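Comments concern the structure below.
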Amino acid sequence: MAAESHETPGLFDVIQRREAASMPLAERMRPRDFDEFVGQEDVMGPGRPLRRAIETDQLTSVIFWGPPGSGKTTLAYLIARHTRGQFVSFSAVTSGVQELRAVIRSAEQRRTLEGKRTILFVDEIHRFNKAQQDAFLPHVERGTVVLVGATTENPSFEIISPLLSRSLVVVLNPLSEQALGTLLDRALHDVERGLGAWKVRLSDEARHRLIAYGNGDARAMLTALEFVVTQLAPTLSNERVIDQTLLNTALGQYTLRYDKTGEEHYNVISAYIKSLRDSDPNGALYWLARMLKGGEDPKFIARRMVIFASEDIGNADPMALVVATAVAQAVQFVGLPEAQITLAHGTTYLASRPKDNASYVGWLEALRDVDTYGNLGVPLHLRNAVTPLMTALGYGEGYRYVHEDPRAATEQRHLPDPLHGRQYYRPQSQEKR
């Protein structure tokens, strides 16, 4: 009887399987153990400290920071599987401080009565404001809960410093093409959880297109795969054949990951400016394309070009400022999509010109001296004597008019005495440009 009971699925098993079958493919294919977890080997590879801490149930509070689909939630579920504490999932999107207090009360009781700790997983933790994040602090400090946070935003900006200092921040990177390819093949061949029973055949071009569509995000790639497969009629041999043409028709234009207000915004514009500075028009054009494709405001890019023209090119080519300003005006006059051509024109010009930041450096040094020395008096010979009293006090006395005395340009002092000899502007030699 026991053997028959084991072989025949019970009602609960049937319900579980039906529920699993109705889940999205990305959820069904979520790794169940560390061997299935791919793409973050630097963090979770065999023998890595974080993995050992999870496997030995010695985890302390941790915040996973990474882009969508990089494995943050999956790591939280692996923690739930490999630790003996009570795992409680909590969403910053749908829950607030009141719900948190209820979780903390239960955690305190569990710790007192059972000697069992609580692992609190907070998804989208950056959505809590600073005051709400403060509510975690005393309970993390006392060890009432082990906090596991997940965020797509830079914790330095979005998580309060006291909470950061009590947590390990683990950075997860976008999944590589190799990792996405492994997950894609697994989903295609897994009969139990994946699409193995659907007999899907992908052309090499379509496989590459799906991986590119994922753009480092496993969830996006698997969701796209499931959509295409389930909408495709089988062939006479009961196969579903997917080529690039069919995939392009089904998916259309894919959207690059780019947050116009978040960290990726700053990362990409930084890469763009540094490519310009290093006189690499190829790199600059690529990052320009990334920004425009991601929906960046072209006026923002044009403003940065104007700044760059003075900051990094300066008098090595004064026309750079003229060109950049013209680009900024053209962008407002023409608008997208044609303004992309003008931005590319300006980008290649700025990247190709000689560089000299002497004006910018000199300006910063002059500012520092103003902050250091305060309101130093203007030398008397540089002052205008507009009244008889000023003349009597020596205003303008000894001033040499350079058009009448060319040597005055070099011999006459133009700085206050404490700053005599300062040289703020040191243009680079032509050879260095």
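Could you give the length gained by full extension between GLU36 and ARG422, i.e. 0.36 nm per residue of separation minus their alpha carbon distance, to one decimal place?
Using 0.36 nm per residue and subtracting the Cα-Cα distance, I get 132.5 nm.
Quick one: Debye curve from the C-alpha atoms of the stretch 330-399, no solvent, what's log10 I(q)/I(0) at q = 0.21, 0.24, 0.27 Å⁻¹?
For the stretch 330-399, the Cα-only Debye profile gives -0.94, -0.99, -1.03.
Less than 13 Å Cβ to Cβ from THR112, Lys/Arg counted +1 and Asp/Glu -1: what total charge do the surrounding residues give?
My count for the surroundings of THR112 gives +4.
For the stretch 177-224, just list the percent of Cα-Cα distances falling in each 5 Å bin from zero outward, please.
5, 23, 33, 27, 10, 1
Could you pull out the pairs from LYS72/LYS274; LYS72/LYS293; LYS72/LYS116; LYS130/LYS299; LYS274/LYS299 whose alpha carbons sit more than 28 Å apart here?
Pairs exceeding 28 Å: LYS72/LYS274; LYS130/LYS299.
Using only the Cα atoms of the chain, what are the Rg and Dmax in Å?
Cα-based Rg and Dmax for the chain come out at 31.8, 120 Å.
At R0 = 51 Å, how high is the FRET efficiency between LEU168 and HIS381 if r is their beta carbon distance? Nearest 0.05 is fine.
0.20
Along the principal axes of its C-alpha atoms, what lengths does the stretch 372-431 span, in descending order and rounded to whole Å?
52, 35, 14
For PHE227 paired with HIS82, estimate the spin-label separation in nm (one decimal), with each label point 7 Å from Cα along the Cα-to-Cβ line.
Calculated label separation equals 3.3 nm.
Would you compute, from DSSP H runs of 4+ residues alone, the mean residue ellipticity of the chain at 222 nm, taking -39500 (n - 2.57) per run and dividing by the full residue count, rounded to the nearest 500?
-15000 deg cm²/dmol
Normalise the Debye intensity by I(0) for the stretch 31-171, one equal point scatterer per Cα, no solvent, then take log10 at q = 0.14, 0.17 Å⁻¹ and round to two decimals.
-0.61, -0.92
Under a 10 Å cutoff between Cα atoms, tell me which one of TYR373, TYR213, TYR349 has the largest fluctuation in the Gaussian network model of the chain.
Highest fluctuation among the options: TYR373.
Only Cα pairs under 8 Å and at least 6 apart count here; give the relative contact order of the chain as a rounded whole percent.
Relative contact order here is 11 percent.
As a test of understanding, state the convex hull volume per residue of the stretch 165-254 from its alpha carbons, in Å³.
111 Å³
Which residue, PRO174, PRO67, PRO318, has the most motion in a Gaussian network model of the chain that connects Cα atoms within less than 10 Å?
Residue with maximal mean-square fluctuation among PRO174, PRO67, PRO318: PRO318.
In the stretch 263-352, if every C-alpha pair distance is counted and binned at 10 Å from zero, what percent goes to each bin?
19, 57, 24, 1
So how far apart, in nm, are the two label points at VAL370 and THR56 if each is 7 Å from Cα heading toward Cβ?
5.8 nm
Only the coordinates and a few stated rules stand behind these numbers; no lab work does. The model shown is predicted, which means the values in this text are computed figures rather than measured ones. Please note: Cβ atoms are built from the backbone with ideal geometry, for glycine as well, and neighbour counts cover all protein chains shown.
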